[in-house]
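To start, the structure under review is shown below, and the notes come after it.
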Amino acid sequence: MKKLELIIIYLLFSLLGLSQESDGYGINLPKFYDKKIHFGFTIAGNSSDFRINPTPNSLLPDTIISFTRYKIKTVYSSASPNFGIGLVIDARLKKYIRLRFSPSLTFAERKIIYTLSNLNRDSIRIFEKSVESVFLIFPLETKIQSKRLGNFSAYAIGGVGYSLDLSARKKAGTSSGGANQLDNNVKLNRDDFFLSSGIGTDFYLQYFKLGFEIKLLIGTNNLFLKENNVWTNSIDKVRSRMVLFTITFEG
């Protein structure tokens, strides 16, 4: 993640250096939003995890490990950083209102962490199940722009979208082997719908507009595929969650 941050910082300072030249009046791209439609591309970093609803405590399953009976005590999700790339199609609805479609190819890795203890609670086992995904994400959002102040403006953005997990079929390719097996993977549905909301800033450079945006995507579908093993019997529902930091280039 440190390498990604250094690349972003270097790119930011390099591009802002281009903004020192303008049209002679201190204003870059003065008629940028007179156009009905703009195109561009995005580079994004993300942090992804799950919203997990565990099975009620009284129903949490147990399993045998090295002739000792263990019971699942807690189930939670851990976030991991990753990245994505995409396109931008931005259409003008009114003076300060835009309609934005920004499909992207996004990589994500989420972890589900299980804590198990024996009946005497003197032995603890921790297991991590990694869920790697490659998403096609299709958000359709409304962007509400502030009045431009020189070469700067701010905005709020929100909407809905659909995501397709291209890795879901691979994760669902093997069948469960029983309630006590420890080598089963957690399997998820490939289709999800989400709500999105965020804020951002736009900088008008000499030849293009540079945008920085942070946004939250909350999945609405229960993605969980229930199977007869100790990992799935301890979970009731799983929904996706992703925080995106996006750099946008529009011409």
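Any read-out appearing in this document is the output of simple, stated calculations on the displayed coordinates, not a laboratory observation. Note that this is a predicted model, so its numbers are computed, not measured. Every residue, glycine among them, receives a Cβ derived from its backbone with ideal geometry; neighbour counts consider all protein chains shown.
Peptide packing: for 59-71, 215-227, the average count of neighbouring Cβ atoms within 10 Å per residue gives the ranking 215-227, 59-71, highest mean first. For residue 55, the residues whose amide H sits under 5 Å from its own are 235, 236, ignoring neighbours fewer than 5 places away on the same chain, with H placed 1.01 Å from N. Among the listed pairs 143/209; 31/143; 71/226; 71/237; 71/215, those with a Cα-Cα distance over 26 Å are 71/215.
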